[in-house]
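Each reported figure results from applying straightforward, stated rules to the coordinates on display, with no laboratory input. These numbers come from a predicted model, not from an experiment. With ideal geometry, Cβ positions are generated from the backbone for all residues, glycine too; neighbour counts draw on all protein chains shown.
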Amino acid sequence: MVSDNGARAAVGGNGGGFAGLDLVPRTGAAYKAKDFKSGQEVRWCPGCGDYAILAAFQSFLPELGVPRENIVIVSGIGCSSRFPYYLSTYGMHSIHGRAPAIATGLATSRPDLSVWVVTGDGDGLSIGGNHLIHALRRNVNINVLLFNNRIYGLTKGQYSPTSETGKITKSSPVGSLDHPFNPVSLALGAEAGFVARTVDSDRRHLTSVLRAAADHPGASFVEIYQNCPIFNDDAFEPLKDPSSRDARLLRMEHGEPLRLGADRGVVAGEFGGLEVVDVDAAGEDRLIRHDAHREDPGYAFALSRLDQPAFEHVPIGVFRDVRRPTYDELLNEQIADARSALGRGDLASLLASGDTWTVDRDA
Amino acid sequence: MAKQIEQLDRVIIRFAGDSGDGMQLTGDRFTQETASFGNDLSTLPNFPAEIRAPAGTLPGVSSFQLHFADHDIVTPGDAPDVLVAMNPAALKANLDDLPRGATVIVNTDEFTRRSLAKVGYDADPLTDGTLDGFKVSAVPLTSMTVEALAEADVSKKDAQRAKNMFALGLLSWMYNRPTEGTRAFLKTKFAKKPAILAANLAAFQAGWNFGETTEDFAVSYEIKPARLPAGTYRNITGNLATAYGLIAGSQRSGLPLFLGSYPITPASDILHELSRHKQFGVRTFQAEDEIAGVGAALGAAFGGALGVTTTSGPGMVLKQEAVGLAVMTELPLVVIDVQRAGPSTGMPTKTEQADLLMALYGRNGESPLPVVAPSSPADCFDTALEAVRLAITYRTPVVVLSDGYLANGSEPWRLPEVDALPEIDPGFATAPNGPDGSFLPYERDSDTLARPWAVPGTAGLEHRIGGIEKHASTGDISYTPANHDLMVRTRQGKIDAIARDVPPVDVSDPTGDADVLVLGWGGTYGSITAAVRRVRRSGGRIAQAHLRHLNPFPANLGEVLRGYDRVVVPEINLGQLALLLRGRYLVDVIGYNKVRGLPFRAEELAGVLQEVIDRGE
């Protein structure tokens, strides 16, 4: 049951889609969303964005065609990290910030699993920031879903590493001094191969991003804007309000021109940056056609900066989708290479390696 | 003219020089020659944490001590019979450890006014009487090496660097060591640098020839092979034995080994060694930090691998939260702490035994786990294997407390028969264990109290675990007061019950009527045993016992302690085992504690034991 060679050839083609699941067995079982409900009572606050994400995720999982027992959800600590309890797969609700590290050990030793990390802005970017960037740069075959509500929920409302500067909270009564992380910029800085952003309330978009993440072999990073109705309600309201959202949301589609609403679009700016301009004034031909497959993360990074000032124009969709060999694949190749060169290890020969001598007589 | 050969039963040699002089290599080669000759031996490398401290200074001195004999020995020895000092710093740093009458071989080329001044010698110790009472051999090692390599195709600097091989050649002659191993070693090491190889071989031979021809060395020595039990032997350090023990655990359990680790002195060699054995299916993961190292190991364990993490004290501190998660999730995990002098960064290359209480109690909540400690470099193999067995059998993290002395020290090891090593059955859960085909991840085995280990990929056993308190059977989140009390007691009871699976502590009491027991644990076994032998040789009656299992203790330990009038517990800490024994057994043990970053001296310890014996007379 535990593969100790893990070479791609050992499992072979499984016939399913999703390149990120090449080594994972597939099932003919026709799962429904309800097959992924664990029966545990869901204990998030009424109106929490996590409900919408859970429902979208449960509806999406049957698409993978992966046996339920080959899916593992690993989380850290925080509201979002209760996620695994509500899914009928294997799961671990671990310790604060460490889920990417735990998932790295699991995914690296079990290429036959579909491994998902569920984290939040505090768990993933504060206490666990180090593990997150290293998992992304190594390109371990995991999918990281970061629920960003820009606040600490479980500890009752302190500012988080994505809260805006000046945020008034219990721990910052006269305003927080911290400059926030942009999670997408951070992931791109770590040269993650797959980086995307979506919103809890847009089920169709959320599902399309999950699908693209699962299709990507190696580390996928998905930031999900998630509303906390108790401690940071309506943090993303300008992106949800029908009267303002079209002017602010930049829906990126690979190969399509980057447009906001009816009249604006994205063109190349100074110093390698990007600018939002009026399409009629600038001319249709100057619009950039989105290319998620650019090797250099600089373009995707420039896209991620378009949300400054805050929420002026916010790209959602896939920023970057670039393939390179995964960490687990390379590690398992090293094992396969060692075995083809040296054969499977023999313990007695190992112990007797080096200079030995023999004592014939007993004392 | 054939020179006189004198028979000795044992010798202690210390090679000392600058950290760049290759003293560890020289010591290691002399050790290998000695091992292959069949002497029993024990080594003590001692080096600074700085990679290259300023040349010629006291902090830059690196040394390697080797004790070898024609009989069974257990320590690297208290005081050298022979000191090889490559420069004034090496002489000054080591002279206080030498008994009068010892032999001092000095490299006179380095005894320049400048080098002497650098270490605070106002006058030349070779001539001002400092060395009166020692047998001094003043040898211009550097210039003789350069002279011997006059024809060689190497720079003067490279020629000078070969002086350690000249010294090794000379000592190899003095003690009639076999030299084929060193020649073969050099050929492999410098295979791609033929000129350097030729220079080192020539320097080694020149050193040997110098001993044989010069009148300065009238006598050479012979130490007959030791009478050891029959078998095949190799010399092994503690870290290497630990790595082999882990591979053996993987092989005997059929579980692929996953090591998550972050480099730290003195544990890194285990990571280095395991990373070389991928053909055994070993995955080594050099993590971004100590926490990720243990986290990845635990993740791999969740997936059914043999999860291992290796570290030293400062790293152990960082891992404790994840070790607590392993206690809570009841997953197998082996945590190896190669203890070093603390607190904080402490003295990274020096040994200590002060992590015992941290291993036992350094986590939040009631967080029990088994703790084992090896007693010698070779014993690291058996102890690592035992840790794997306990971890898998009882679904628990296990801490192994090795130490810097064991890690780098070495001794001959009789190779075990692989088929005789214990077989370890992972016993993965394969079928539902609850009503109506349900799976209860915390429903326990009635014998071991271990919970089922159901790994992802097993259909029908899907379950969620985590750090939150869980229902005693279903594993679902539970905050019920009575359930928490039950779970706290059950986790403790599971570990306590391992005592039934731990061999009773074995007491050596040859006269059968000793009043005093000396009890140790871990890396002090050699020093305590040597001290006990001294006491007994001079007629003292003393019993000795040594603990491998620190938690749970062997079931008969209380009875053993109460069987003696006085119990002495020597530790390289301020009395951590003593505290545990007093608390557990209400026995007023007598601690003996020295925390110098070095092993106990047998002579000093023998004095302490004799003094305790004398109290009763």
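Using Cα positions and a limit of under 20 Å, work out the aspartates and glutamates in reach of B:LYS278, with same-chain residues fewer than 8 apart set aside.
A:ASP4, A:ASP112, A:ASP328, A:GLU329, A:GLU333, A:ASP337, A:ASP346, B:ASP269
So, in Å, what gap is there between the alpha-carbon centers of segment B:399-458 and segment B:237-287?
One Cα centre to the other: 17 Å.
Can you list residues whose amide H is under 5 Å from A:VAL199's amide H, if they're 5+ apart or on another chain and H is modeled 1.01 Å from N?
Hits under the 5 Å cutoff: A:LEU206, A:TYR225.
Under a point spin-label approximation (7 Å from Cα along Cα-to-Cβ), what is the A:HIS179-B:LYS135 distance to one decimal in nm?
7.1
Rounding to the nearest 20 debye, state how big the charge dipole of segment B:475-617 is about its Cα centre with +1 on each Lys and Arg Cβ and -1 on each Asp and Glu Cβ.
On the way: 18 positive and 17 negative charges, 66 e Å.
Value, rounded to 20: 320 debye.
For the protein assembly as shown, what is the charge dipole size about the Cα centre, in debye to the nearest 20, if Lys and Arg each add +1 at the Cβ and Asp and Glu each add -1 at the Cβ? Show your work: numbers first, answer last.
Details: 93 positive and 117 negative charges, 114 e Å.
Using only the charged Cβ atoms, the result is roughly 540 debye.
Near the amide H of A:CYS228, under 5 Å away, which other amide H atoms are found, from residues 5 or more places off or on another chain, if H is placed in the peptide plane?
A:ASP234, A:ALA235
What's the magnitude of the charge dipole for chain B around its Cα centre, counting Lys and Arg as +1 and Asp and Glu as -1 at the beta-carbon? Answer in Debye, nearest 20.
That gives a dipole near 820 debye.
For chain B, what are the per-bin percents of Cα-Cα distances with bins 20 Å wide, up to the bin holding the maximum?
19, 48, 27, 6, 0
Taking the Cβ-Cβ separation of A:THR207 and B:LEU574 as r and a Förster radius of 51 Å, what is the calculated FRET efficiency to the nearest 0.05? Don't skip to the answer; put the middle values down first.
Values: r = 61 Å, r/R0 = 1.20.
Efficiency for this residue pair is about 0.25.
For chain B, which DSSP H helices look membrane-span-like by this rule: Cα extent along the axis of 27 Å or more and mean Kyte-Doolittle of at least 0.0? Can you show the working numbers first?
On the way: long enough: B:194-213 (28 Å, 0.52).
Helices passing the filter in chain B: B:194-213.
May I ask you to list the trypsin sites (Lys or Arg not before Pro) in segment A:128-210 that are in a DSSP loop and have at most 14 other Cβ atoms within 10 Å of their Cβ? It would help to have the intermediate numbers written out before the result.
Numbers: sites: A:ARG137, A:ARG138, A:ARG150, A:LYS156, A:LYS167, A:LYS170, A:ARG197, A:ARG203, A:ARG204; in loops: A:ARG150, A:LYS156, A:LYS167, A:LYS170.
Counting only loop positions with at most 14 other Cβ atoms within 10 Å, the trypsin sites (Lys or Arg not before Pro) in segment A:128-210 are A:LYS156, A:LYS170.
Assuming R0 = 25 Å, what is the FRET efficiency of A:GLU237 and A:TYR51, from their Cβ-Cβ distance, to the nearest 0.05?
With R0 = 25 Å, the Cβ-Cβ based efficiency is 0.90.
Would segment B:229-319 count as rounded, prolate or oblate if I go by the C-alpha gyration tensor, calling it rounded below 1.5 in a/c and otherwise prolate when a/b exceeds b/c, oblate otherwise?
Values: a/c = 2.27, a/b = 1.34, b/c = 1.70.
Because a/c hits 1.5 or more and a/b fails to exceed b/c, segment B:229-319 counts as oblate.
Can you spot the aspartates and glutamates whose alpha carbon is less than 20 Å from B:LYS157's alpha carbon? Ignore those fewer than 8 places along the same chain.
Within reach: B:ASP18, B:ASP21, B:ASP109, B:GLU110, B:GLU147.
Quick one: of the DSSP bridges fully inside the protein assembly as shown, what percent are antiparallel, nearest 5?
Numbers: 45 of 129 bridges.
If we restrict to bridges inside the protein assembly as shown, about 35 percent are antiparallel.
Scan segment B:190-295 for trypsin sites (Lys or Arg not before Pro) in coil per DSSP, keeping those whose Cβ has at most 16 other Cβ atoms within 10 Å, and list them by number.
B:LYS192, B:ARG227, B:ARG276
Taking loop as defined by DSSP and a crowding limit of 10 other beta carbons within 10 Å, which trypsin sites (Lys or Arg not before Pro) in segment A:324-363 fit? Can you show the working numbers first?
Numbers: sites: A:ARG339, A:ARG344, A:ARG361; in loops: A:ARG344, A:ARG361.
Here the sparse-neighbourhood loop sites are A:ARG361.
Could you tell me which of the pairs A:LYS156/B:LYS319; B:LYS92/B:LYS118; A:LYS34/A:LYS156; B:LYS163/B:LYS189; B:LYS156/B:LYS193 are separated by over 21 angstrom between their Cα atoms in the structure shown? Kindly include the intermediate steps, with their values, before the conclusion.
Values: A:LYS156/B:LYS319 27 Å; B:LYS92/B:LYS118 11 Å; A:LYS34/A:LYS156 31 Å; B:LYS163/B:LYS189 17 Å; B:LYS156/B:LYS193 16 Å.
Flagged as over cut-off: A:LYS156/B:LYS319; A:LYS34/A:LYS156.
Helix A:99-109 versus the longest principal axis of chain A: what angle, 0 to 90°, nearest 10, using Cα atoms?
It is inclined by approximately 40 degrees.
Using a cut-off of 30 Å between alpha-carbon atoms, which lysines can reach A:LYS32, once sequence neighbours fewer than 8 places away in the same chain are excluded?
List returned: A:LYS240, B:LYS470.
Using R₀ = 56 Å, calculate the FRET efficiency as 1/(1 + (r/R₀)^6) where r is the Cβ-Cβ separation of A:ASP296 and B:VAL219; round to 0.05. Don't skip to the end; give the middle numbers.
Working: r = 73 Å, r/R0 = 1.31.
It comes to 0.15.
Specify the angular offset, from 0 to 90 degrees and rounded to the nearest 10, of the alpha carbon long axis of helix A:49-64 from the longest principal axis of the alpha carbons in chain A.
50
Return a whole-number percent for the relative contact order of chain A, with Cα pairs under 8 Å and 6 or more residues apart as the contact set. Write down the numbers at each step before the final one.
Numbers: 753 pairs, mean separation 55.8, N = 363.
It comes to 15 percent, rounded to a whole number.
May I ask for the angle, rounded to the nearest 10°, between helix A:203-215 and the longest principal axis of chain A, with both axes built from Cα atoms and the value confined to 0 to 90°?
Roughly 30 degrees between the two axes.
Considering only DSSP beta bridges where both residues belong to segment A:179-292, give the percentage that are antiparallel (nearest 5). Let's see the in-between values first.
On the way: 9 of 15 bridges.
Once the DSSP bridges in segment A:179-292 are tallied, antiparallel ones form about 60 percent.
Can you tell me how segment A:96-178 classifies by the Cα gyration tensor, rounded, prolate or oblate, using a/c under 1.5 as the rounded cut? Could the numbers behind the result be given before it?
Working: a/c = 3.50, a/b = 2.81, b/c = 1.25.
Judged from the Cα gyration tensor, segment A:96-178 comes out prolate (a/c at least 1.5, a/b above b/c).
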